[in-house]
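Here is the structure we will look at.
Derivation of every value follows stated rules applied to the coordinates shown; laboratory data play no part. These numbers come from a predicted model, not from an experiment. Here the Cβ positions follow ideal geometry from the backbone for every residue, glycine too, while neighbour counts run over all protein chains shown.
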């Protein structure tokens, strides 16, 4: 089972309705994080995150529109994944979806 560790601002996680699955046996872990920001952590399976990806990127965009910093960095790291994205305040959700798609390619 592939697991995503979400280290995102609490406002983002509050806006997205990710089911809590009581994850115990952690397989592959991919970390999706915003650097330099107070974050809240959550674990979810890739299977539960994928259907919510649109809502997740929308929540990230909504948070960025409220955040005063010029640029924030979003990273995704794990086996075969090393993504680093500068998120301007007006980050495009379609671009963000495209950039995060490799998290789900060939993973269960």
Per DSSP H run of n ≥ 4, the term is -39500 (n - 2.57); total these for the chain, divide by its residue number, and report the mean residue ellipticity at 222 nm rounded to 500 deg cm²/dmol.
-8000 deg cm²/dmol
Taking the range 3-103, the whole-percent share of alpha-carbon pairs separated by over 19 angstrom is 36 percent
What is the spin-label model distance, in nm, from residue 86 to residue 10 if the labels are put 7 Å beyond Cα along the C-beta direction?
3.0 nm
Evaluate the relative contact order of the chain (contact order divided by residue number), counting alpha-carbon pairs under 8 angstrom at least 6 apart; express in whole percent.
31 percent
